[in-house]
Amino acid sequence: MSAQRQQIDPATLACGERVRPSSYHRIVVKAGTSVLTGEAGDTLDLDVMRDLVSQIAQLHGVDGAQMLLVSSGAIAAGRQSAAETPAIPDIPTRQVFAALGQSRLMHIYADLFESHDIGVAQVLLTLHDLSQRQSYLNVRNTLLSLLELGVVPVINENDVVAADEIGEVFGDNDRLSSLIAALIDADLLIILSDVDGLYTADPGSDPTATRIEIVDAVDDSVFAMAGEHRNAWARGGMPTKLHAADLVTTSGIAMAICRGRNPEALLRVARGEPVGTFFKPAQSKLEARKRWMLSRVGDTGWGQVVVDDGAVAALRRGAVSLLPAGVRNVVGDFSRGDIVYVSDLADHHVACGIANYSAADVGRIRGMRSDRIIATLGYHYGQEVIHRNNLVLL
């Protein structure tokens, strides 16, 4: 059982305040097409990408943050390989360009991060991957393992196969970045855009529009301030960013929108400076996860893991995972990824969480040291029956 990283309690944020920079341990950065391409919006701007990587490297190396980059740009990179392109792109054209450009985009990122002695890993996802329980857990485990290794995952939508996501429904990786932030329990999501935050009106048509520095809650009045999106080759716009803010802040994670080409924009946001628009988390992570898990217990089966007194004491001290050594018995039936109760020997529920193993598997490895899991089962999904990040006390 290992110590859990310090969590931010958004309830400590007074109105008008931002989180202290030292509180940001895990940061997701989303860079859209409009940030990564030149003024014409059709080619990658290597100077901008170099600056972005430099800022991420500084937060990663100097400040010690775990960094994850959700990056657009594959379609723009693919356009550079094509002799002719249509004025208004359709979905098949986007998919062809994505196929042409994804490897080039990753090659650029690999070279840029290598200059800072940082490794990168390519992760291509669709929203379908995050809607299925098993793939959701697999993606989460992979990303967390990469972060623990000091690698920067570079995530993009798999535009070659994602016909729905490549259209106007989900935006230019905005929704994906918010889902990833919630998936890995991030502290902060920074969306780098071609605008420098949310304004009271469209600043392109209303000269009296003013930037909003802090949003306490994403409601109808906030959505009413979103303007239109005009770039045919970039997807998204302010409405999709606000949907992302709604999702991520509800999960207890802070978010900021700022102009990606502003000097040191990423560093300044991460340090708590008044840059762009800051969206305050709606509630504490613990309470958000607890309510979600409690609402899901028994949805796909029913079961509980019975643990000994030592495991109960360790769980109540907090910040630990449930290991098989502390498990005495399994009651009911459940699959890997189901939410189950953790009970003491007197049948009192002490916690609930997402099971890494099925009921049958937990029954086979109960009481064992974690290093015997693979020898017993022939495979393993981690050393824990329930990982500390997926467990809440009752």
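Miscellaneous remarks
- Footprinting exposure proxy for Y24, Y379, Y357 (fewest neighbouring C-beta atoms within 10 Å first): Y379, Y24, Y357
- From least to most packed, judged by other beta carbons within 10 angstrom and beginning with the fewest, L266, L394, L247 follow the order L394, L247, L266.
- A Cα-only calculation for the range 288-393 places Rg and Dmax at 12.3, 37 Å.
- A224-T43 pseudo-label distance in nm [points 7 Å out on the Cα-to-Cβ vector]: 4.5 nm
- Least to most buried among E273, E157 (fewest other Cβ within 10 Å first): E273, E157
- Full-extension gain in nm, Y136 to D347, via 0.36 nm per residue minus C-alpha separation: 72.9 nm
- Modelled FRET efficiency - R0 25 Å, R271 with H116, Cβ distances, 0.05 increments: 0.85
Just so you know, all these numbers are worked out from the coordinates, no wet-lab data involved. All of these numbers come straight from a predicted model, not from anything done at the bench. No Cβ is skipped: glycine too gets one built from the backbone with ideal geometry, and neighbour counts run over all protein chains shown.
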